[in-house]
Amino acid sequence: MVAELIKGHEIANTKREQMKMEVEQLSKQGIVPGLVVIILGEDPASQSYVRGKQKACEKVGIDGKLIELPEETPESDLLGLIDQLNNDDSCHGILVQLPLPNHISEKAVIEAISPDKDVDGFHPINIGRMMTGQRAFLPCTPFGIIEMVKAKGIEIGGKHVVIIGRSNIVGKPVGQLFLNENATVTYCHSRTTNMKEMTTQADILVVAVGRADFIGKEFIKPGAIVIDVGVNRKEDGKLTGDVKFEEAMEIASYITPVPKGVGPMTITMLLHNTILSAKWSHQAEGVN
Ligand code: GUN
């Protein structure tokens, strides 16, 4: 068997074309979705991520603003800025790029962002709403994974989804979203003792560990769908996932490549959430 690629960049581009038209329609009603991205310090990977977000905003017509602050910015200043943006009607989404410098509490920052502008879907109120199936901003990477699977016409209901990794940003919420789609979900992590036994039962295997080449074909059930969330930089500077791609290609039915797999979907769902936030904030005026 040779797996079919789930080309995230193509699915993302199609979605962004649709979003561009939607933003044009909204602008005719005087609504311009606005996203503010805040970054502290000079970390090259974070700088590159936020530039990608800015560029993507521009392409679909979202008003993307980037606020770059020095690494030593006091926490109180950052919280003050968030408070200001919470009260700014032109700003529909606030994203503070993580990780933050050690002197700033990630929890305090995430909880300071209004749940109504939390387009990352990290605020505990949005997580609670997601868990209880209420209207919520869904975290972008997990949301993007579900959208990619759906875009390929793959039925999720009744499937056994095994997730390797339990981070708050990817592992835990992606399991919840698959559960919301009526899948049966198993989590594996660093303390799981019989991982291979678990992963070889997976109809859909999501790997979000952050270690290059962590999963070989012996962990994959023939015909499984493999979602590789890892983004690891090799010594030669190239990006690679958590899955041994060539091996997995021989045994899986579908697989996401790295790069051009999950990554482009994450930014796309951030754009989606920002547009949604703009619409929700004008719902009283009949915008839907
Ligand atoms: N750092 C890496 N990924 C993300 C993300 O999705 N959102 C934020 N805020 N920071 C990140």
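Worth a mention:
- Test: residue in segment 144-164 that is more than 22 Å from residue 254 (Cα to Cα) and either touching a Gly at 6+ places or on another chain (Cβ under 8 Å) or modelled with pLDDT of 95 or more (or both): no
- So residue 141, is it without any contact (Cβ under 8 Å) to a residue 40 or more places away in the chain, out of contact with any strand residue (DSSP E or B) (no Cβ under 9 Å at 6 or more places or on another chain) and under 30 Å from residue 224 (Cα atoms): no
- Residue in segment 274-288 that is over 16 Å from residue 3 (Cβ atoms), touching a helix residue (DSSP H, G or I) at 6+ places or on another chain (Cβ under 8 Å), in a loop (DSSP other than H, G, I, E, B) and away from the ligand (no atom under 16 Å from the Cβ) present: yes
- Scanning segment 250-270 for residues that are surrounded by 20 or more Cβ atoms within 10 Å (Cβ to Cβ) and assigned to a helix (DSSP H, G or I) returns 251, 262, 263, 264, 265, 266, 267, 268, 269, 270.
- Segment 232-243, residues that are in contact with a strand residue (DSSP E or B) (Cβ under 8 Å, 6 or more places away or on another chain) and surrounded by fewer than 20 Cβ atoms within 10 Å (Cβ to Cβ): 232, 233, 234, 239, 240
- Boolean, residue 33 is at pLDDT below 95 and either touching a strand residue (DSSP E or B) at 6+ places or on another chain (Cβ under 9 Å) or exposed (fewer than 12 other Cβ atoms within 10 Å of the Cβ) (or both): no
- Selection from segment 112-147 of residues that are farther than 24 Å from residue 39 by Cβ and within 16 Å of the ligand (Cβ to nearest atom): 130, 136, 145, 146, 147
Table: residues versus (1) in contact with a Ser or Thr (Cβ under 8 Å, 6 or more places away or on another chain); (2) of a type in the set (Phe, Trp, Tyr).
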residue	(1), (2)
187	no, yes
201	yes, no
212	yes, no
216	no, no
235	no, no
240	no, no
250	no, no
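- The set of residues in segment 122-134 being farther than 17 Å from residue 112 by Cβ and in contact (Cβ under 8 Å) with a residue 40 or more places away in the chain consists of 130, 131, 133.
The values are calculated or read from the model by the stated rules, or taken from the named source; none is laboratory data. Just so it is clear, the structure is predicted and the values come from calculations on it, not from any experiment. Glycine also receives a Cβ, built like all others from the backbone with ideal geometry; neighbour counts cover every protein chain displayed.
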